[in-house]
Number of protein chains: 2
Amino acid sequence: MAALMVAPFFALCAPAHAEDAPINLKTMGSFHVGGRLVEISGKPVKEMLFSPGGVPVKVDPNGTYQVEQMYVQYFIPANERGRVPLLMWHGGGYTGVTYESTPDGREGWLNYFLRKGWAVYNSDAVERGRSGWAQYPDIFKTEPVFLTTANPFERFRIGAGEGSFSQDPAKRRYLPGNQFPAEGYDNMMKQIVPRWTSTDEAIFAAYLAEVDKVCPCVILFHSQAGPFAFKAAQAKPDKVKALVAVEPAQVGDPDKVAALKGIPTLMVYGDFIAQDKRWPTIRKNGSAFAEKIRVAGGSVDVVDLPAIGIKGNSHFPMMDRNNREVADLIQKWLSDKGLYK
Amino acid sequence: MAALMVAPFFALCAPAHAEDAPINLKTMGSFHVGGRLVEISGKPVKEMLFSPGGVPVKVDPNGTYQVEQMYVQYFIPANERGRVPLLMWHGGGYTGVTYESTPDGREGWLNYFLRKGWAVYNSDAVERGRSGWAQYPDIFKTEPVFLTTANPFERFRIGAGEGSFSQDPAKRRYLPGNQFPAEGYDNMMKQIVPRWTSTDEAIFAAYLAEVDKVCPCVILFHSQAGPFAFKAAQAKPDKVKALVAVEPAQVGDPDKVAALKGIPTLMVYGDFIAQDKRWPTIRKNGSAFAEKIRVAGGSVDVVDLPAIGIKGNSHFPMMDRNNREVADLIQKWLSDKGLYK
């Protein structure tokens with residue numbers, strides 16, 4: 001992985017990729033994939049107020065509902081340079097907003113890869129964002145989880161672990177040298193949406209539907225999307241030309257690593273892992289899975305950013321101050337794999 | 001309004017606006033506006049399963065939550081031709097997806113106005129889509145409403161009223177000559193997200209925050225956004241340069257019409273209103289409000305599309321087969337008002 005240490009700075013200076021050059025799109029749009037119809041019956045008719053002080057309206061909750069579909073927004077550059085489209089899958093509690101502007105208002109990875117000429121498909125997992133969500137406990141079987149403002153700060157290697165968060169920005173204790181944009185933290189909390197812990201099957205089914213519709217492709221994925229992306233590639237190996245795992249929280253099916261042997265894979269981890277309570281285990285599981293793929297004949301590059309001189313990254317390298325530097329590394333890797341023209 | 005009958009067909013043929021010319025963006029991105037912090041306390045710690053078969057995790061629901069923010073995605077053309085940005089506000093139960101691709105996969109009004117050179121800010125109202133939603137009944141005071149697959153078909157002048165929907169597409173009874181793309185109906189249902197009926201205040205507050213951040217502007221709004229947009233303009237008349245009300249479900253504050261006298265307003269209604277159960281009243285309320293604004297010295301153009309020869313529109317002209325024709329009318333009106341260069 002030594003070659004990755006040489007950042008391709010010349011690329012940043014080329015006018016076609018600079019942030020002051022236009023993003024030229026052939027088209028853009030959105031669609032939903034997957035989902036199913038569910039019948040609800042035997043419920044009492046409810047009286048509801050649709051506006052304060054209004055007349056109560058009778059609402060019959062019985063009927064057929066469309067549920068578990070997934071929203072995908074796509075951008076097709078006028079001059080496509082990726083050999084296949086790039087799918088972006090976000091982590092738990094987040095939406096496709098993960099890859100849009102950073103919480104402090106800089107350009108995110110969606111713009112970065114579009115400017116490079118990749119067709120990008122950015123989705124909201126089932127149950128989140130523009131994918132909508134379904135009644136519980138009738139359809140989703142559990143209650144949703146809501147994250148406090150302290151939770152991501154202490155859990156995702158932004159702050160210095162438990163107790164490091166304060167509602168007062170001046171009193172927050174950041175990991176020293178952290179690249180997460182401190183001034184954007186409160187805005188990042190606004191990106192977070194409720195999530196369920198009982199919807200993995202539905203989320204996975206919709207991702208497979210996206211792969212069927214859009215791929216062959218590269219999948220770039222973050223955190224909770226780890227198992228979905230590895231398992232999607234294991235289910236449809238001919239459709240996936242490369243996997244870029246950014247801090248995957250979990251991995252794929254260890255009994256099906258042979259399916260991944262033809263799919264070049266990059267795993268990227270940020271800083272501050274050794275000193276964290278949970279992340280050493282997560283990181284170790286990633287290595288072990290990579291080793292299994294290699295033993296089965298596959299090719300996996302595991303990059304610990306600090307080991308190649310890129311220091312201070314949180315769990316969110318796409319939002320961190322040096323997000324372009326990490327994107328350069330991914331772009332170079334994809335190019336080295338022959339996926340860029 | 002006679003001039004509106006002459007559709008500007010030449011504009012469709014100009015290469016800069018045609019669908020085969022690139023969309024050239026200076027930049028694009030997203031942000032959240034508004035919202036507030038809420039403290040939840042005194043709740044018992046819950047045991048939750050984060051993955052099927054896993055170890056139960058203790059989740060403490062007490063703490064501070066970020067709620068009621070609004071998601072805004074923006075696109076800035078390289079050659080801006082609108083004199084101010086164009087804000088797009090969707091209707092009840094929907095998100096900004098309303099203005100993206102049509103449910104049958106054609107380009108929607110977002111692309112149309114971008115190709116014309118407008119900077120477009122497309123949002124998801126508080127509680128919906130990428131804006132997220134808050135715990136109920138702790139923060140939101142009521143339960144959410146879910147729409148059956150039959151509901152929009154029968155209520156929004158696509159099908160021929162109550163009883164016209166069938167889950168079997170072949171058995172659906174459309175209003176004769178309806179422009180809604182029949183093959184896209186099931187896909188349109190995938191766009192719909194749960195909504196509340198007790199969140200008007202929070203939705204309005206976030207819209208005001210967007211107006212403060214982005215405007216001066218034009219606001220183009222649909223259905224439920226009617227009262228929010230009229231009232232936002234009444235609250236901040238200096239910030240709003242024109243209002244385009246597409247089938248507004250309700251109107252603004254009748255006691256504050258004088259605030260709107262300097263804001264040119266276009267109200268557009270589709271077809272099949274007279275024969276509907278609810279829409280004649282909604283339409284009449286629109287006319288009455290327009291007349292009040294005129295009496296106060298304002299300028300309002302009310303267009304019934306069938307009266308100028310544009311027939312068959314449902315409640316969703318931005319999705320209908322002739323969506324470009326209706327957009328042409330809006331574009332011409334904005335241009336006539338001096339808002340396009």
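Below are the figures for this structure:
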| read-out | value |
| --- | --- |
| Residue in segment B:153-160 that is touching a Lys or Arg at 6+ places or on another chain (Cβ under 9 Å) and without any contact (Cβ under 8 Å) to a residue 24 or more places away in the chain present | yes |
| Segment A:20-39 residues that are within 7 Å of chain B (Cβ to nearest Cβ) and over 30 Å from A:Phe140 (Cβ atoms), paired with ones that are among the polar types (S, T, N, Q) and surrounded by fewer than 21 Cβ atoms within 10 Å (Cβ to Cβ) (beta carbon under 8 Å, 6 or more apart) | A:Pro22/B:Asn24; A:Ile23/B:Asn24; A:Ile23/B:Thr27; A:Asn24/A:Asn79; A:Asn24/B:Asn24; A:Leu25/B:Asn24 |
| Selection from segment A:313-332 of residues that are surrounded by fewer than 20 Cβ atoms within 10 Å (Cβ to Cβ) and either without any contact (Cβ under 8 Å) to a residue 24 or more places away in the chain or assigned to a loop (DSSP other than H, G, I, E, B) (or both) | A:Arg321, A:Asn322 |
| Verdict on A:Gly93 being within 24 Å of A:Gly226 (Cβ to Cβ) and within 7 Å of chain B (Cβ to nearest Cβ) | no |
| Residue count, segment A:140-194 (criterion: of a type in the set (Val, Ile, Thr), more than 11 Å from chain B (Cβ to nearest Cβ) and more than 21 Å from A:Arg321 (Cβ to Cβ)) | 0 |
| When residues of segment A:40-70 are limited to those that are part of a strand (DSSP E or B) and within 7 Å of chain B (Cβ to nearest Cβ), the one modelled with the lowest pLDDT | A:Met48 |
| Among the residues listed as A:Thr102, A:Thr98, the single one being within 25 Å of A:Phe316 (Cα to Cα), touching a Gly at 6+ places or on another chain (Cβ under 6 Å), of a type outside the set (Phe, Trp, Tyr) and at pLDDT 95 or above | A:Thr102 |
| Subset of segment A:202-213 (residues that are out of contact with any helix residue (DSSP H, G or I) (no Cβ under 9 Å at 6 or more places or on another chain) and closer than 14 Å to A:Phe31 by Cα) | A:Ala209, A:Lys213 |
| Residues of segment A:59-73 classified as over 17 Å from B:Pro194 (Cα atoms) and without any contact (Cβ under 8 Å) to a residue 60 or more places away in the chain, total | 1 |
| Selection count, segment B:119-139, where residues are within 11 Å of chain A (Cβ to nearest Cβ) and surrounded by fewer than 20 Cβ atoms within 10 Å (Cβ to Cβ) | 4 |
| All positions within segment B:266-291 that are small (Gly, Ala, Ser), within 25 Å of B:Val218 (Cα to Cα) and surrounded by fewer than 19 Cβ atoms within 10 Å (Cβ to Cβ) | B:Ser287, B:Ala288 |
| Candidate set from segment B:201-219 (those that are farther than 21 Å from B:Lys241 by Cβ and over 15 Å from the mean Cα position of the chain (by Cα)); member that is farthest from the other protein chains (Cβ to nearest Cβ) | B:Ala205 |
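The values are calculated or read from the model by the stated rules, or taken from the named source; none is laboratory data. As the structure is a computational prediction, the values presented were derived from the model and not from experiment. Please note: Cβ atoms are built from the backbone with ideal geometry, for glycine as well, and neighbour counts cover all protein chains shown.
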